[in-house]
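Engineer: Before I ask anything, let me first share the structure, which is written out below as C-alpha cells.
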Amino acid sequence: MKKNSLLTIIAAAGVGERFRCKAPKQYAQINGHSIIERALKPFIDSSYVSEIIIAISKDDNLIKNQDFYNSRKIKYVIGGATRQESINNALHAAEKEYEYVITHDAARPNIAEDDITNLYKDITTSQTSCSFLYTPVYDSIKEIDSKEKTKDKSKFYLVQTPQISNFNDLKIALKKCIDENINCPDESFAIEYSDLTLSKVMGTRSNIKITEPEDVELLSKFLTRSGTGFDLHKYEAGDGIILGGHKIKCDYKTVAHSDGDVLLHSIADSILGAAALGDIGKFFPDNDENNRDLNSSKIIKYCLDKINELNLEIYNIDTTVICEEPKINPHREEILQKLSSLLMIPVSRIGLKATTSEKIGIIGENKAIAVQSLVNLREKL
C-alpha cells in the first residue's frame, strides 16, 4: 500500500433518533472522548490515508468541539437526506480522483488500523469493486411475519464498516441508487445493486455500531484489559516496611534486593501483565546490582511509561494485602494517597484491602507478607 494513497469518508450526518439523547450519538462520551473522535483516530494516524472527508448535518454545531477539528487531513461537507447522498457529496468534494475510497460510520469507534490494511489487501488481491468487514451470525434468527419462522443463520452474516471501494465504481453505483430513489444501508449495497463485484474480510464483534445508549457501556468493556499480580517477601529484623511507597514503622523489614515494597511490586506485575509485557523480573532482575535497594516507585514509573507507549492507561486497581502484622487499616489513607500520586489515578479508583492467612503457613507465622492485585487498563486517545 502506498502512503497517502487513500481517501476516507466518514458518514456523520445522522441524528441517531434511537439513541434517545439531545446530541447525536457520535458525540456521546466514552472515557473522556467522543465516539467520533475514537472512530477517526485510526484514519488520522494512518500514513496511507491522504484525505478525510466528514459528511455532517447542516445543523451540526458540535463538530468544531472535537479534538480533530483543525486537522489538515480533514475537510467537511454537508450531508444529504440519505446516506447515499452524504457519501456522494463527499466523493465529489475530494481533492482528486483516488483509486480507492474507504467509507466508515462515525458511530463505530472501535476499529484498528489493521482493519484498513486488511481491506486494502483484499480489494487489491480480489480485484473486486468493494470489500467489506463482516462477522458471522451467532444468535438464532426469526423472520418477522405471522409465523415467526426460524431461519438458517449459517446463510447470513452481519456487515460492518469500514468498507473499501473502487472510487469510480462507487460514484457510479451511488448515482444509480440516487436516480432510482433506492435506499442504501451501506456502500456494499450500492455496489451490489449495480451488479458489481464484492469481497469480504472477517471483522470482529467488538467493532460495534453505537445505536442504543447501552451500547456505550458495552463498548467501554471492550476497551479494557485486565492483569493480575502477586508478590511475597519474607520478614527479617529491621525498623519497618515500605508499603505502597509509605513507610510503616515496626520491628522487622522485608528481605529483598530492592526496597521490598511488596504492594508496588504486585501492582507493577499486574500492569505489565495486562499489557502482555511480562513481569518485573524481566525488566528488573534481582541479580542486577543496579537494582539493589531500588526505590520501587521507579518500577511503577517504568511500567507507566511502557503502557503509555501502547496508548494505554490505568483505569482502576484492586489490591489485597495478606499479612498478620502490621495492621494495615491505621495506614490505609496514607497508602491510598501515595498510590494515587504514583499511579496518577484518583483514590476512588484504587481498592486497598487487607486480610490475614488465619495463622496458616509462613504468612500466618508472621514471617512474611504478600499482596495480590488486579489492574484494568484502558485505551486512551
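Engineer: Alpha carbon centre of segment 5-84 versus segment 161-178: separation in Å?
Structural biologist: Rounded to whole Å, the Cα centres lie 19 Å apart.
Engineer: Using only Cα atoms and rounding to the nearest 10 degrees, what angle (0 to 90) does helix 262-274 make with the longest principal axis of the chain?
Structural biologist: It works out to around 20 degrees.
Engineer: Among His33, Gly227, Ala237, flag the residue with its Cα farthest along the positive direction of the charge dipole of the chain, charges on Cβ as +1 for Lys/Arg and -1 for Asp/Glu.
Structural biologist: With unit charges placed on the Cβ atoms, the residue in question is His33.
Engineer: If I build a Gaussian network model for the chain, linking alpha-carbon pairs within less than 10 angstrom, which residue out of Ser154, Ser50, Ser341 has the largest mean-square fluctuation?
Structural biologist: Evaluated over the chain, the most mobile residue of the options is Ser154.
Engineer: Specify which residue in the list Ile141, Leu374, Thr355 is farthest towards the positive end of the charge dipole of the chain, using unit charges on the beta carbon of Lys, Arg (+1) and Asp, Glu (-1), about the Cα centre.
Structural biologist: So the residue furthest toward the plus end is Ile141.
Engineer: Right, another one. Between Ala112 and Glu148, take the C-beta separation as r, use R0 = 35 Å, and let me know the FRET efficiency to the nearest 0.05. Don't jump to the answer; show the numbers that get you there.
Structural biologist: Working: r = 38 Å, r/R0 = 1.07.
The value I calculate is 0.40.
Engineer: Could you tell me the center-to-center distance, by alpha carbons, between segment 351-377 and segment 225-278 in angstrom?
Structural biologist: For segment 351-377 versus segment 225-278, the Cα centre distance is 11 Å.
Engineer: Which one of Thr211, His104, Leu91 has its Cα pushed farthest toward the positive end of the charge dipole of segment 6-222, where Lys and Arg give +1 and Asp and Glu give -1 at the Cβ?
Structural biologist: Ranked along the dipole, the leading option is Thr211.
Engineer: Quick one: compute the contact order of segment 1-119, relative version, from alpha carbon pairs under 8 angstrom and 6+ residues apart, as a percent.
Structural biologist: On the way: 198 pairs, mean separation 47.8, N = 119.
With pairs under 8 Å counted, the relative contact order is 40 percent.
Engineer: Could you work out the local net charge near Ala173, counting Lys and Arg as +1, Asp and Glu as -1, over the other residues with Cβ closer than 12 Å to its Cβ? Present the calculation step by step, with values, prior to reporting the outcome.
Structural biologist: Working: positive: Lys171, Lys175, Lys176; negative: Asp169, Asp179, Glu180, Asp186, Glu187, Glu192, Asp195.
Overall, the nearby charge balance is -4.
Engineer: Here is a follow-up. How do Arg292, Arg38, Arg72 line up, fewest other C-beta atoms within 10 Å first? Walk me through the numbers before you get to the answer.
Structural biologist: On the way: Arg292 11, Arg38 22, Arg72 7.
Ascending number of Cβ neighbours within 10 Å: Arg72, Arg292, Arg38.
Engineer: Nearest 5 is fine: what % of DSSP beta bridges in the chain come out antiparallel, could you say?
Structural biologist: Details: 42 of 71 bridges.
Percentage antiparallel, nearest 5: 60.
Engineer: Also, quick follow-up: With an 8 Å Cα cut-off and a minimum separation of 6 or more residues, compute the relative contact order for the chain in percent.
Structural biologist: Values: 781 pairs, mean separation 55.3, N = 381.
Computed over the chain, the figure is 15 percent.
Engineer: May I pose another question? With a sphere of radius 15 Å drawn around the Cβ of Lys73, what net charge do the other residues whose Cβ falls strictly inside it have (Lys, Arg +1; Asp, Glu -1)? Don't jump to the answer; show the numbers that get you there.
Structural biologist: Numbers: positive: Lys3, Lys41, Arg72, Lys75, Lys96; negative: Glu37, Asp45, Glu51, Asp67, Glu95, Glu113.
Surrounding charge for Lys73 is -1.
Engineer: Something else about it: What are the ³J(HN,Hα) values, in whole Hz, obtained from phi via the Karplus relation 6.51 cos²θ - 1.76 cosθ + 1.60 with θ = phi - 60°, for each residue of segment 123-131 in sequence order, with x given for Gly and Pro?
Structural biologist: Calculated HN-Hα couplings, in order: 5, 6, 7, 7, 6, 8, 8, 7, 10 Hz.
Engineer: List every residue whose amide H lies under 5 Å from the amide H of Asp186, counting only residues 5 or more places away in sequence or on a different chain, with H placed 1.01 Å from N in the peptide plane.
Structural biologist: none
Engineer: Kindly write out, for segment 198-209 in residue order, the coupling ³J(HN,Hα) from the Karplus curve 6.51 cos²θ - 1.76 cosθ + 1.60 (θ = phi - 60°), rounded to whole Hz, with x marking Gly and Pro.
Structural biologist: Working through the residues one at a time gives 10, 9, 9, 10, 4, x, 10, 5, 6, 7, 7, 9 Hz.
Engineer: What are the residues whose amide H is under 5 Å from the amide H of Cys250, where those residues sit 5 or more places off or on another chain and H is modelled from the backbone?
Structural biologist: Gly240, Ile241
Engineer: If you plug each phi of segment 159-165 into the Karplus form 6.51 cos²θ - 1.76 cosθ + 1.60 with θ = phi - 60°, what whole-Hz ³J(HN,Hα) values come out, in order, with x for Gly and Pro?
Structural biologist: Couplings: 9, 10, 10, x, 10, 10, 9 Hz.
Engineer: From the square roots a ≥ b ≥ c of the eigenvalues of the alpha-carbon gyration tensor of segment 6-222, which class results: rounded (a/c under 1.5), prolate (a/b over b/c), or oblate?
Structural biologist: Details: a/c = 1.38, a/b = 1.09, b/c = 1.27.
Taking the square roots of the gyration eigenvalues as a ≥ b ≥ c, segment 6-222 is rounded.
Engineer: Let me ask something else about it. Within 10 Å, at most 11 other Cβ atoms, and a DSSP state outside H, G, I, E, B define an exposed site. Report the longest part of the chain free of exposed GluC sites (Glu not before Pro).
Structural biologist: On the way: sites that count: Glu95, Glu97, Glu143, Glu148, Glu180, Glu358.
My reading of the result: 181-357 is the longest stretch.
Engineer: Still on this structure, I have one more. Relative contact order for segment 6-222: what is it in percent, counting Cα pairs under 8 Å that are at least 6 residues apart? Please report the intermediate quantities before stating the final value.
Structural biologist: Details: 403 pairs, mean separation 53.4, N = 217.
Once normalised by length, the contact order is 25 percent.
Engineer: Between His257 and Glu333, what's the calculated FRET efficiency when r is the beta-carbon distance and R0 is 30 Å? Round to 0.05. Write down the numbers at each step before the final one.
Structural biologist: Numbers: r = 29 Å, r/R0 = 0.98.
Once rounded, the FRET efficiency stands at 0.55.
Engineer: I need Ser71, Ser348 ordered by Cβ neighbour count within 10 Å, fewest first. List each step's numbers first, then the result.
Structural biologist: Numbers: Ser71 12, Ser348 9.
Listed from fewest to most nearby Cβ atoms, that is Ser348, Ser71.
Engineer: Oh, and also: Could you check the spin-label model distance between Lys359 and Asn31? Points 7 Å from the Cα along Cα→Cβ, value in nm.
Structural biologist: 4.7
Engineer: Now for a different question. Can you give the FRET efficiency for Arg72 and Ser220, using 1/(1 + (r/R0)^6), R0 = 41 Å, r = Cβ-Cβ distance, to the nearest 0.05?
Structural biologist: Efficiency, rounded to the nearest 0.05: 0.85.
Engineer: Continuing with the same structure: Using a 7 Å offset from the Cα along the Cα-to-Cβ direction at both Ile345 and Asn366, what is the distance between the two label points in nm, to one decimal?
Structural biologist: Placing both labels 7 Å along Cα→Cβ, they lie 3.3 nm apart.
Coordinate-derived values only; no laboratory data. Since this is a predicted model, take the numbers as computed values, not measurements. Please note: Cβ atoms are built from the backbone with ideal geometry, for glycine as well, and neighbour counts cover all protein chains shown.
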